[in-house]
Structure formats: structure tokens, C-alpha cells
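Coordinate-derived values only; no laboratory data. All figures in this text were calculated on a predicted structure; none of them were measured in a lab. Cβ placement follows ideal geometry from the backbone for every residue including glycine, while neighbour counts extend to all protein chains displayed.
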Amino acid sequence: GHRGANQPVKDLLTNKDYITSQNHGYAVEEESIDKDKITVTHINLNDGTVEGIMHKFLPVFSVQYHPEACPGPRDSTDIFDKFMDIVMVYKRRSYFAEV
């Protein structure tokens, strides 16, 4: 796991690097991931551990660090934008209208 600030993370989809704050004692082992369903999206640049994943077919993704919304660093605002895009797409679908 990782504790504290200044943990470098690479977004493999955009090729951007972020400096993150983290507080987790466990990490996903990359070899345990079903690559037919899940894509690794972020890695820790210090030790190569998985920091983010995304489902290939479902609107599900996660990161294992603190993507500060505000105040503070705004490096990871694209994560919140991505989340809102998914919400808006699925809000328009009729089977979610009743939820």
C-alpha cells in the first residue's frame, strides 16, 4: 500500500502523470485482473502497482488515490468529468429513469 502525499501516478489512457495523495494498505495484483473485462488505467510510477481500473463493458471505473476535487490540486479533475459524463449518458437511458 501507499501512505501520504507525493505519490506519482501515470494515467495510461492519456499518458499524463499526476502527483497524488494516498492512504491505502492494499493494492490490486495486476495478474489477478480478468483482462477480458477489466483494463488497468493507472499505475504508480514508484513501484508499478495498479492505481486505477476500468471495466470494458460496464460504466464502472475506480482509482486508488485521492483525486482532489477542490480545494487543492486540480490535476485529476478529468476523473470527475469522466464520472459526470457516465452519469449523464445513463441518466438518459429509459431503464434508469425510474431509479
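Placing +1 on the Cβ of every Lys and Arg and -1 on the Cβ of every Asp and Glu, with no other charges, gives the chain a dipole of roughly 360 debye about its Cα centre.
Along the chain, the longest continuous region that contains none of the GluC sites (Glu not before Pro) in a DSSP loop with at most 10 other C-beta atoms within 10 Å is 30-97. Across segment 2-97, the mean sequence separation of Cα contacts (distance under 8 Å, 6 or more residues apart), normalised by length, yields a relative contact order of 21 percent.
Between 0 and 90 degrees, the angle of helix 77-91 with respect to the longest Cα principal axis of the chain falls at about 20 degrees. Summarising the overall dimensions of the chain from its C-alpha atoms, the Rg and Dmax are 14.7, 45 angstrom.
Counting neighbouring beta carbons within 10 Å and listing from fewest to most, the residues Y26, Y65, Y90 come out as Y26, Y90, Y65.
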